[in-house]
1. Taking the conditions exactly as written (touching a residue at least 40 places away in the same chain (Cβ under 8 Å) and under 20 Å from Ile11 (Cβ atoms)), does Glu128 satisfy them or not?
2. Filter the range 79-127 for residues that are modelled with pLDDT of 90 or more, of a type outside the set (A, V, I, L, M, F, W, C) and part of a loop (DSSP other than H, G, I, E, B) and give the result.
3. Name every residue in the range 121-146 that is surrounded by 17 or more Cβ atoms within 10 Å (Cβ to Cβ) and hydrophobic (A, V, I, L, M, F, W, C), in order of residue number.
4. Would you call Ala213 surrounded by 15 or more Cβ atoms within 10 Å (Cβ to Cβ) and touching a Leu at 6+ places or on another chain (Cβ under 8 Å)?
5. Could you list, in sequence order, the residues of the range 173-192 that are under 23 Å from Ser24 (Cα atoms), touching a Phe, Trp or Tyr at 6+ places or on another chain (Cβ under 8 Å) and surrounded by fewer than 20 Cβ atoms within 10 Å (Cβ to Cβ)?
6. Considering only residues that are at pLDDT below 95, surrounded by 14 or more Cβ atoms within 10 Å (Cβ to Cβ) and either in contact with a helix residue (DSSP H, G or I) (Cβ under 7 Å, 6 or more places away or on another chain) or of a type in the set (Val, Ile, Thr) (or both), which ones fall in the range 12-47?
7. Which residue out of Ser24, Ser31 is touching a strand residue (DSSP E or B) at 6+ places or on another chain (Cβ under 8 Å) and of a type in the set (Gly, Ala, Ser)?
8. Does any residue in the range 187-203 that is touching a residue at least 12 places away in the same chain (Cβ under 8 Å) come within less than 9 Å, Cβ to Cβ, of a residue that is among the polar types (S, T, N, Q) and surrounded by 18 or more Cβ atoms within 10 Å (Cβ to Cβ) six or more places away or on a different chain, and which pairs are these?
Amino acid sequence: MPAASLKLVRIREHFEQTCQEQESFILSLSSMLKKHGNRTVPIKKDHREQLCEMAFAVLFTAWEQFLENAFEHYVVDAPLASFKSRHRVLVMDRETAHDLIRGGRKFVEWADIAMVRERAKVFFRNGEPFESALSAVSNDMIKMRILRNRCVHFSQHATEQYQKMLRQVFGSGRHLSPGKFLLDAPPIGLSSAPNAQTYGTVFQFYGAILTTAVSQIVP
């Protein structure tokens with residue numbers, strides 16, 4: 001296996017490890033204890049939900065980092081890969097790839113799945129190896145981004161988008177914290193994926209969605 005491919009595999013494995021760690025963490029919340037005077041008691045439900053929100057923010061950040069790192073490596077490694085690059089600039093290192101992708105902007109947006117797909121089509125023929133993996137999960141990724149934003153922001157816009165998403169999922173308004181939503185079993189309206197209801201929590205389902213996409217981008 002070429003050295004460049006080994007780097008990509010390590011990028012994939014880093015995400016997979018982060019996902020496994022965060023899933024293990026949220027599954028441990030139900031049995032997590034704290035000292036209360038002379039007693040040891042379970043942590044409060046509100047605290048479990050807040051910790052779950054933090055874990056999801058970590059997971060989503062790891063996903064963004066994976067996309068950025070994999071994209072940059074593929075730009076550099078395009079001559080060695082099975083797909084074809086669309087750009088005509090020979091890129092020798094990741095720093096040059098980063099500057100080329102940034103295109104003079106202060107930062108590159110990796111949370112918006114539509115923008116990532118368009119960027120992939122600019123750099124790679126047919127947008128591969130990103131297009132097939134991302135198009136399959138685009139609707140789920142839109143929900144994940146809204147959920148992440150509500151976990152880390154308290155703005156009116158983030159709240160309104162989150163409430164709109166809940167109405168789309170449940171068919172009516174619900175008052176659920178993001179942590180409660182993530183810790184609950186996947187509702188029927190969550191995803192078009194046929195196996196969504198086989199997962200114990202929404203968090204686990206979303207972890208599986210991301211892990212599958214990652215394995216398709218870096219086989």
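1. yes
2. Answer for the range 79-127, where residues must be modelled with pLDDT of 90 or more, of a type outside the set (A, V, I, L, M, F, W, C) and part of a loop (DSSP other than H, G, I, E, B): Glu109, Asp112.
3. Phe123, Phe124, Phe130, Ala133, Leu134, Val137, Met141, Met144, Ile146
4. Yes: the conditions hold for Ala213.
5. Ala185, Pro187
6. The answer is Leu29, Ile43.
7. Ser31
8. Listed pairs, sorted by first residue: Phe203/Gln22.
The values are calculated or read from the model by the stated rules, or taken from the named source; none is laboratory data. Please read all numbers here as calculations on a predicted model, not as lab measurements. In this analysis, Cβ positions are derived from the backbone assuming ideal geometry, glycine residues included, and neighbour counts consider all displayed protein chains.
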